[in-house]
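First the structure, in the form of structure tokens, and then the observations on it.
Every read-out reported here was derived from the displayed coordinates using simple, explicitly stated rules and does not represent laboratory data. Quantities reported herein were computed from a predicted structural model and do not represent experimental measurements. Please note: Cβ atoms are built from the backbone with ideal geometry, for glycine as well, and neighbour counts cover all protein chains shown.
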Amino acid sequence: MNIQLKLSLILCLLLGGAQAASAEGDDDMFAEYRAMFGDDNPAELVEMQGEELWNAERGPKKVSLATCDFGLGAGVLAGAYAQLPRYFADTGQVMDLESRLLYCMESIQGMDVSALRQHP
């Protein structure tokens, strides 16, 4: 084998190894970044608060929002947001998530939502 070919082969091997080491370093960096968040993600707190509000029996009628129908049946949320806004036969109008929640709070729970409508 000629010397130039040997040097080229060695150079390729060295560069390939350096690139692989760099990629592993990037993976470590992202793993470290993910570990910083751990189980303390603040979004989970908001999610838990929302779940508590969803299941709480509130308003004069003492009913939870879990009985609200977002178009897939009472209490079914999986995939409902992707289909909103949509027409609801019970109201005779097209509603998005916010308007449907307010409707359910008013009709199912018996709450006065006029203050909520004023401050979106």
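For the stretch 25-106, what does the relative contact order come out to in percent, with C-alpha contacts under 8 Å and a separation of six or more? Walk me through the intermediate numbers first.
Values: 49 pairs, mean separation 11.9, N = 82.
Answer for the stretch 25-106 is 15 percent.
Could you tally the net charge around M105, taking each other residue with its Cβ under 12 Å from the Cβ of M105, Lys/Arg +1 and Asp/Glu -1? Intermediate values should be presented prior to the final figure.
Values: positive: R58, K61, R100, R117; negative: E98, E106, D112.
Here the charged neighbours net out to +1.
For the stretch 85-97, in order, what is each residue's ³J(HN,Hα) by Karplus, 6.51 cos²θ - 1.76 cosθ + 1.60 with θ = phi - 60°, in whole Hz (x at glycine and Pro)?
Whole-Hz 3J(HN,Hα) from phi for the stretch 85-97: x, 8, 7, 10, 5, 5, 10, x, 8, 7, 10, 9, 4.
Please give, to one decimal in nm, the separation of the simple spin-label points placed at Y33 and Q93, each 7 Å out from Cα toward the Cβ.
The modelled label-to-label distance comes out at 4.4 nm.
Give me, ordered by chain and number, the residues 5 or more places off V63 or on other chains with an amide H under 5 Å from its own placed amide H.
Amide H to amide H, under 5 Å and 5 or more residues apart or across chains, V63 pairs with R58.
Give me the net charge for the shell around G79: Cβ to Cβ below 15 angstrom, other residues only, Lys and Arg +1, Asp and Glu -1. Could the numbers behind the result be given before it?
Numbers: positive: R86, R100; negative: D69.
Value of the local net charge: +1.
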